[in-house]
Amino acid sequence: MTVTNRGGGPFSGFLRTKSVEQAIRDTEEPEFQLRKALGPVQLTIMGIGVLIGTGVFVLAGEAAANYSGPAVALSFLIAGVVCALAALCYAEFASSVPVAGSAYTFSYASMGEFIAWMIGWDLILEFTLGAATVSKGWSGYFDSVLGKLGLSIPDAISSAPEDGGVVDVPAMFISLAMMVVLIIGIRLSAWVNATITTLKLLIVAGILIIGSFYVTSSNWIPFIPESKPADYSDAVGGTPLLLQILGINSGFGITGVFTGAAVVFFAYLGFDIVATLSEEVKNPQKTMPIGIIASLTIATVLYIVVSLVYTGILPYQQLGVEAPAAAAMAATGVPAAEFIISLGILIGLTVVIMTLMLGQTRVAFAMSRDHLLPSTLAKVHPKYRTPYKLTIITGVVSAILCGFIPLSELAALVNIGTLAAFVLVSIGVIVLRKKRPDLPRTFKTPLVPFIPILSAVLCFGVALFLPVDTWLRFVGWMVIGFIVYYFYGRTRSRLVTGEHA
């Protein structure tokens, strides 16, 4: 095969694209082949498993107390609508390009290698940091559950150095345990996910059933608290970027609802992970759209209803605690309700950690297979057919981060990484429609280009409500990614070396 991308200057090849046909052929190479074991129900459960977690159990209270008041339900609705528009774009890509890697693979087929690399680099940050952050939360709830049983773990081995300890052993344990589950295989991962998700949904049902008897409608008045001067000095990352640009220093009101939407966006980190599993799904052309759209729809409805229950049980000012669900249940006076909810949160966060790590390994797997990262990392286990090397690296890095570093100030990076991926996938749908109108599409995003453009604009708009510090850290990470690509991936890409021949 003659390679025309070689040479041509220091920025040659930035726009070279990988054909959809070649991307699919790569999945058939024996050394890189993953096991197809997921059907539509399993895929939907996988999506629900990662979606129903931090958003329901933690972020709803934080957003209500600090930004939105009872209108946190509107914050979830806004974030859900933005995600729904992006989900339509993801569904088209996932059905027409059924290859691991999610936004990375979709961008490679539409906008070129450099954009694909940058979004892949972004997803590595998003998923790894997300897994480490949730592991820290899991550790906190584990300590809480033990405390209610009359047990305790010494602070020295249950918190990071900057939090007064030496190492957070429970957080490291859960990261490494989920690593082992993922190495053994996608079938075991799906079984663990299905089991834990079922228990988690029972807990959510318990919150709704018990809580509905203790809702006081007066707690919802006013539904959108009046706007007032805000002090963001204690907020993670500081003042939202857009408010700083416009010189607005107010909390609650309409701006608070949108700021709350940016905060709770972490809750929707999950449906894009579903898109990374394309190569492990039976009949992906039909199954992927079902899994993506169904899991997002179910999660959004639950988020809205549960947040209304929280703010109906307690005044929103009292929900700014680490465990708002437990606080709301404690307020009902139902015996053991607080303990059961705390245990449910612990169970729920377990599967979130596993699925975030799963998404990270599949994105890095696709990048390694393209030689933008060392190709040896993409080799799959001869027995389990999983990318075990990448899984081990992800598990160990996540364990180190959550064991020794307080991650609260970095958590917002997960949100901006997700939104950046959504923007590029939305644009990519338009580009690929123009480049490849002949490509078979079992699912088509409606009203193209209107829906993709609206999706991209709204995702960027939500990102503007994230803090300035978050934007600065994100830009710094992407600069590092550019350097790695320019000096490593750019000259080793399979599209350059001609290895496809």
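The values are calculated or read from the model by the stated rules, or taken from the named source; none is laboratory data. All figures in this text were calculated on a predicted structure; none of them were measured in a lab. Don't worry about glycine lacking a Cβ; one is built from the backbone with ideal geometry, like all the others, and counts go over all protein chains shown.
Looking only at the stretch 424-441, which residues are outside any helix (DSSP H, G or I) and either closer than 17 Å to S102 by Cβ or over 28 Å from the mean Cα position of the chain (by Cα) (or both)? Give the steps one after another, and end with the answer.
Applying the first criterion (outside any helix (DSSP H, G or I)) to the stretch 424-441 yields 436-441.
Once the filter is applied, which keeps residues that are outside any helix (DSSP H, G or I) and either closer than 17 Å to S102 by Cβ or over 28 Å from the mean Cα position of the chain (by Cα) (or both), the stretch 424-441 yields R436, P437, D438, L439, P440.
Got at least one residue in the stretch 222-240 being part of a helix (DSSP H, G or I) and at pLDDT 75 or above?
Scanning the stretch 222-240 turns up no residue that is part of a helix (DSSP H, G or I) and at pLDDT 75 or above.
Taking the criterion of being in contact with an Asp or Glu (Cβ under 9 Å, 6 or more places away or on another chain) and in a helix (DSSP H, G or I), would at least one residue in the stretch 339-349 satisfy it?
no
Could you tell me which of the residues A463, A399, A420 is farther than 23 Å from T255 by Cα and small (G, A, S)?
Numbers: A463 fails: farther than 23 Å from T255 by Cα; A420 fails: farther than 23 Å from T255 by Cα.
Of A463, A399, A420, the one residue that is farther than 23 Å from T255 by Cα and small (G, A, S) is A399.
Test G476 against the criterion of being in contact with a His (Cβ under 8 Å, 6 or more places away or on another chain) and either among the charged types (D, E, K, R) or part of a helix (DSSP H, G or I) (or both), and give yes or no.
No, not satisfied.
Can you name the helices (runs of 4 or more DSSP H) wholly within the stretch 47-135 that have at least 3 residues being at pLDDT below 80, closer than 14 Å to V423 by Cβ and aromatic (F, W, Y)?
Result: empty, no element qualifies.
Return a yes/no flag: does the stretch 353-368 have any residue that is free of Cβ contacts under 8 Å to residues at least 60 places away in the same chain and either surrounded by 23 or more Cβ atoms within 10 Å (Cβ to Cβ) or charged (D, E, K, R) (or both).
No - not one qualifying residue is present in the stretch 353-368.
Answer yes or no as to whether F173 is in a helix (DSSP H, G or I), surrounded by fewer than 18 Cβ atoms within 10 Å (Cβ to Cβ) and modelled with pLDDT of 85 or more.
yes
Test each condition in (1) within 28 Å of T470 (Cα to Cα); (2) touching a helix residue (DSSP H, G or I) at 6+ places or on another chain (Cβ under 6 Å) for S144 and report the one that comes out false.
(1)
Exactly one condition in (1) more than 13 Å from M354 (Cα to Cα); (2) surrounded by 20 or more Cβ atoms within 10 Å (Cβ to Cβ); (3) at pLDDT 80 or above; (4) not small (G, A, S) is false for T198; which is it?
Failed condition: (2).
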